[in-house]
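Report on one structure; see the data block that follows.
The values are calculated or read from the model by the stated rules, or taken from the named source; none is laboratory data. All of these numbers come straight from a predicted model, not from anything done at the bench. Quick reminder, even Gly has a Cβ in these numbers, built from the backbone with ideal geometry, and neighbours come from all protein chains shown. What goes into the accessible areas is simple: the full protein's heavy atoms, side chains included, and nothing from ligands, DNA or RNA. Shrake-Rupley method; radii C 1.70, N 1.55, O 1.52, S 1.80 Å.
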Amino acid sequence: MKVRITAPKIISLAAVSALALAACGADTEQEDSGAGPSTIQVQTEEPGGDVSSGNDDAVSGSDDSSSDAQVDASPGTWPRTVDLGDQQIEIAEEPARIIAVSAEAADMALRLAGPERVIAVPASSQSEASTVPDLASQVEQVLPPGTDPDPEQILAMGPDLVLNTTRHGGEETAGDQLEQTGVPVLNLDPSSFSTPEDIAETLVLLGEALGEEELAAELSAQFLADIEEIDAEATNSGTRFLALMARGDSIMAMDDSIMLPGLAVRAGAVNAGETIGLTQTRPIDAEMIAVANPDVIFVEDFQGMGLEPFEETLSNPALADVPAIANDRVYLVPMSEASGTSGLNTAAGYRTIVDALNE
């Protein structure tokens, strides 16, 4: 395996490599453990410009570009080399023991390779509020909740490919550590899931890495066709909106770098947060919402919690005359359909947003 090591790592390479070798030779059916060269190209017209949108948890978007992803391989042939940013990963044979550390990677891996080849997913993937819970529920091994995956636990499962998204520091650290072990690791930047076009390109990339080129191309083309169809129906122009999210006890207004408001802007609406100087995602209260005076409010349904976290704020008498409240134009949009982790479900979320704006 050829994995380029670009920086000093935190754990002992010798120790982790030994663990990896031991794991590969052992019984890895554990219960409930908490790509002839061609360049990938997605040939489609850009439907109305790029949307700069980040992940669902972060308070600001990523400016990193994921357009330099490339796979050197012919369909059906192995080994193959994946070049992704500063990573260069050789995959010796078609992966049969895939671990998806992040939910968005799990979504794509499950659609492409199925639960027969994906041996572990994050706990969030098996939630009913996830993107493909029916497929994820068939995977026996689950990584525990949180943003600090344990490299030793992952290696003990005996993977032959690890898919990771470096949204948080813990995931980035774990990805760096796993790179040293000889197990192929695709460390995807969050920007790989920022726009519908990024999602389609990342799907094609993973299709090559998993040996599922034809299916990935088919799903990608259908997804972009759906997005283009919705683009054509986005006749709204200038409607002022706010997009709210809840984390803990805080209600926050989202900036355009996050998927949900990014899709609303793509549809022709204007983020009313600009009125109150919103340049990044940050907490907001009823008084600030009143000043922003949006025509429409989109509320992110985070992990199935619905409108409950927002009820106290939105029922404040100070908002009674705000057009979005007075005209009953508050719309719930599932996180599984419009976020940095919504994947191919993003078309459904975009549909909800466009339909709401067109009312």
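For the subset of region 303-359 comprising residues that are within 18 Å of Phe223 (Cα to Cα) and among the β-branched types (Val, Ile, Thr), which member is surrounded by the most Cβ atoms within 10 Å (Cβ to Cβ)? Among those residues, the one meeting the criterion is Ile353. The set of residues in region 254-273 that are open to solvent by 10 Å² or more (accessible area, probe 1.4 Å) and over 18 Å from Ser237 (Cβ atoms) comprises Asp255, Ser257. Taken together, the residues in region 181-212 that are open to solvent by 30 Å² or more (accessible area, probe 1.4 Å) and part of a helix (DSSP H, G or I) amount to 2.
Do we have Gly170 as open to solvent by 10 Å² or more (accessible area, probe 1.4 Å) and in a helix (DSSP H, G or I) here? Yes, satisfied. Would you please list the contacts, defined by Cβ atoms under 7 Å and residues six or more apart or on different chains, that run from a residue in region 140-163 that is over 28 Å from Arg80 (Cβ atoms) to a residue that is charged (D, E, K, R) and open to solvent by less than 40 Å² (accessible area, probe 1.4 Å)? Note: pairs meeting the criteria are Thr147/Glu171.
Any idea which residue in region 103-136 is most open to solvent (accessible area, probe 1.4 Å), counting only those that are within 16 Å of Asn345 (Cα to Cα) and either part of a loop (DSSP other than H, G, I, E, B) or of a type in the set (Phe, Trp, Tyr) (or both)? Can you show your working first?
In the first step, residues of region 103-136 are kept if they are within 16 Å of Asn345 (Cα to Cα); the result is 103-112, 124-136.
Applying the additional criterion that residues be either part of a loop (DSSP other than H, G, I, E, B) or of a type in the set (Phe, Trp, Tyr) (or both) yields 127-132.
On the way: Ser127: 45, Glu128: 158, Ala129: 36, Ser130: 22, Thr131: 28, Val132: 15 Å².
Looking at residues that are within 16 Å of Asn345 (Cα to Cα) and either part of a loop (DSSP other than H, G, I, E, B) or of a type in the set (Phe, Trp, Tyr) (or both), I get Glu128.
Thr235 meets all of the listed conditions (1) under 19 Å from Glu337 (Cβ atoms); (2) open to solvent by 20 Å² or more (accessible area, probe 1.4 Å); (3) not aliphatic (A, V, I, L, M) but one, namely (1).
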